[in-house]
Amino acid sequence: MMSQSPGSAGQSSRVEALLARMTLEEKQAQLVGFWVDQGDEVVAPMSGEKQSSTRYEDASEHGIGHLTRVYGTRPVDPVERAEWLWAEQRRLKDQTRLGIPAIVHEECLTGLAGWKAATFPTPLAWGAAFDPDLVEEVGRAVGSSMRSLGIHQGLAPVLDVIRDPRWGRVDECIAEDPLVVGRVGTAYVRGLQSEGVHATLKHFIGYSASRAGRNHAPVSAGLREIEDVLLPPFEMAIHEGGARSVMNSYVDIDGVPVTADARYLTGILRDRWGFDGVVVSDYFAVDFLRSMHRVAADSADAARLALTAGIDVELPSPDAYVTLAGQVRDGRLPLEILDRAVGRVLAQKEELGLLDADFDTPPTAIDLDPAEHRALARRLAEESIVLLSNDGTLPLAPSTTARIALIGPNADSAEALMGCYSFVNHVLAHHPGTPAGIALPTVVEAVRDEFRHAEITSAIGCDVEGDDRSGIPAAVDAATDADLAIVVVGDRAGLFGRGTVGEGNDVEDLELPGLQRELVEAVVATGTPVILIAMTGRPYVLDWALPARATAAGTMTGLGAVNSADAADAAGSPTASSGRLPVAVLQTFFPGEEGGPALARMLSGRVTPSGRLPVSLPRSAGAQPYSYLHPVLGGLTDVTSADSTPVRPFGFGLSYTTFARADLTAPAAVGHGETFRATVRVRNTGDVAATDVVQLYAHDEVASVTRPVAQLVDFRRVALAPGSEETVEFDVPVDRLAFPGLDGVKRV
């Protein structure tokens, strides 16, 4: 059966001509992917249960829309796999009637998720760096590797704004502030797409706002949370970054699954924002309308709901969308709905050059982890490390470090450096014994290299999880015999119960997993100075390891402390158990392949801390969900005995120097649609060259609806020599202060 419906507005004549020639089966084939390599490994939600029963040869008889994770499902040699891929693309071009090659997509959240490819810090570390320019460079590097392997689309960045740190996927997110998420995420989009690889924004929308931080759980977000917090990063990445693809969220919002909600996938995304790219389903999300949300009676029902709402492509393999041709024939699905999606996919393939692609010669040699990528990974890791407290011990003087004990489950672990969607933790975990294929120096190895004069000993103490205390006495002995103990604790990323953080690894409390707090306190009790390094995928409750901070109810005092970069944080109350505190605490969020050397260089002082918390350091799990973007009554007040004040606020971070800020200026009035300029004079008042992250906040004193006590409207990294100063200028579009009024219309 040949379809005769016209192409949609804005399509090229070539796409319209292709549409006019296509059979219903050929159209249907363009709207599905195929996971050629999918085996028994659980590398996606419910993938073990949802393997397609369709043979690839049958699924691709009329062409295919996507090839799923050709490089990222198993440890395959990149050159050998490229040879297979080039041959397969030639087959699709030469042996199918229309000769349309497939889009190849891969995960690229921390770099290309393929064997032997560079692994960069996790996105939460991007947020901690507050450096969009550097993240754009990383995106460009990742895109260059992907394009050289014939990959066209990357399933990143994640633009979900953190709403509850109990959620397992926090390490995939950038920050709890929509401006930071938008700026940093948009930078990654620009970098990736500058190399000809389409970025995919995910997860649109509301995924991170699920109840109690549970994966896939319902969302009860209101208009203002959606408009003020959840939508802006996506809008920025589309309007300013030109993102070409979007992936849906698994959740339902107020009872309507996003996968079937045209209000978001069409009304906001396309009609309001003008997005003209392609929407792909998160893996198995279309079938979840039937199996999990139960708003569809069968696969055909699910396919019709999703396609009509605006899901153009079903990933990862044919499932529900194999019913589309039949539904058009029997009248259940209008042909124009099918053609709308097919036209978008063909336009994407035309934009990617696939309709004219030549697949003669695959690469015969490729380095996916070159020196320049490792240098970028180290720079981003260094900029992302947050100094939470310091009594002056850091940076370490050689005279005080003749004997160093490296203690803790993450001190000598390469896996601990990387997030859930790194190839090592996401895929190689299913292939024990297979080497990582890249150098992954641990903290122990990096400290040995950095402090070559010192005698280094190491002890695990305890595992990340579990209740085995048998290793703690050896750790205590190692600390007792040392001049300094460095204790490295935190998470192990994995999926669905394999690990302590990552997709499906949601938690009920925010204490360090297992016996790690007990280990730290036992080592601190020896009296040996202790530096605590938290290497995690989410923020944990660390009040027991940090000096107390004074705050005032209902004020901006917490954020004001950020702006003072106050060294007085070194003094405070001791831990209850030992009467002592660690002499310094560093927070790092899965810093990637160069995370070990980055930490070692910071300990020695070759690098000065400049990271800032991208998410508030929580007081307790019971205070969640919490965001610094709260109104007066969302914080500590005298009408409640419950204190949600974070132990350290969003944007906090110390340095090896101090900064003074003065002479803030801003105009008294600004017109609608205009940009206002604010300036502040920043001075490095110490004797160490360092970078300050200057943050500009605004507050609406009297509004028609309740507004946050503080809202970040701009930020800037400023490098300053000792004693030098700079006047920092912020040019802020007044639209950043817009919000939905009583009538629901967003305006300033």
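The values are calculated or read from the model by the stated rules, or taken from the named source; none is laboratory data. This structure is a prediction, so every number in the text was calculated from the model and none was measured. Every residue, glycine as well, gets a Cβ built from its backbone with ideal geometry; the counts of neighbours run over all protein chains shown.
Values for this structure:
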| read-out | value |
| --- | --- |
| Only one of F676, F730, F715 that is aromatic (F, W, Y) and touching a residue at least 60 places away in the same chain (Cβ under 8 Å) | F715 |
| Residue satisfying condition, being touching a Gly at 6+ places or on another chain (Cβ under 7 Å), buried (at least 23 other Cβ atoms within 10 Å of the Cβ) and either modelled with pLDDT under 55 or under 21 Å from L333 (Cα atoms) (or both), within set V32, V42 | V32 |
| Condition met for D312 (buried (at least 18 other Cβ atoms within 10 Å of the Cβ) and charged (D, E, K, R)) | yes |
| Subset of segment 347-357 (residues that are part of a helix (DSSP H, G or I) and crowded, with 16+ Cβ neighbours inside 10 Å) | A347, Q348, K349, E350, E351, L354, L355 |
| Any pair with Cβ under 6 angstrom, 6 or more apart, that starts in segment 303-317 at a residue that is in contact (Cβ under 8 Å) with a residue 12 or more places away in the chain and over 21 Å from T54 (Cα atoms) and ends at one that is outside any strand (DSSP E or B) and charged (D, E, K, R) | A309/D261 |
| Odd one out for R294 among (1) in contact with a strand residue (DSSP E or B) (Cβ under 6 Å, 6 or more places away or on another chain); (2) outside any helix (DSSP H, G or I) | (1) |
| Flag if S620 is of a type in the set (S, T, N, Q) and within 18 Å of D491 (Cα to Cα) | yes |
| Filtered residues of segment 124-140 (kept if surrounded by 24 or more Cβ atoms within 10 Å (Cβ to Cβ) and either in contact with a helix residue (DSSP H, G or I) (Cβ under 6 Å, 6 or more places away or on another chain) or farther than 22 Å from G182 by Cβ (or both)) | L124, A125, W126, G127, A128, A129, D131, V135, V138, G139 |
| Selected residue (only one of A454, A479 is in contact with a strand residue (DSSP E or B) (Cβ under 8 Å, 6 or more places away or on another chain) and buried (at least 21 other Cβ atoms within 10 Å of the Cβ)) | A479 |
| Of the criteria (1) closer than 28 Å to P539 by Cβ; (2) at pLDDT below 95; (3) of a type in the set (D, E), which one D735 fails | (1) |
| Residues of segment 57-93 that turn out to be of a type in the set (D, E) and closer than 21 Å to G353 by Cβ, as a count | 2 |
| Pick from segment 664-722, criterion part of a loop (DSSP other than H, G, I, E, B) and β-branched (V, I, T), ranking: farthest from P395 (Cα to Cα) | V705 |
| Segment 459-479 residues that are closer than 19 Å to V443 by Cα, paired with ones that are surrounded by fewer than 16 Cβ atoms within 10 Å (Cβ to Cβ) and not β-branched (V, I, T) (beta carbon under 7 Å, 6 or more apart) | A459/A474; C462/D468; C462/R469 |
| Any chance G343 is modelled with pLDDT of 95 or more, in a loop (DSSP other than H, G, I, E, B) and either of a type outside the set (K, R) or in contact with a His (Cβ under 6 Å, 6 or more places away or on another chain) (or both) | no |
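For (1) at pLDDT 95 or above; (2) more than 23 Å from T588 (Cβ to Cβ); (3) not β-branched (V, I, T), each residue gets a yes or a no:
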{"residue": "V170", "(1), (2), (3)": "yes, no, no"}
{"residue": "C173", "(1), (2), (3)": "yes, no, yes"}
{"residue": "G185", "(1), (2), (3)": "yes, no, yes"}
{"residue": "Y188", "(1), (2), (3)": "yes, no, yes"}
{"residue": "V197", "(1), (2), (3)": "yes, yes, no"}
{"residue": "L201", "(1), (2), (3)": "yes, yes, yes"}
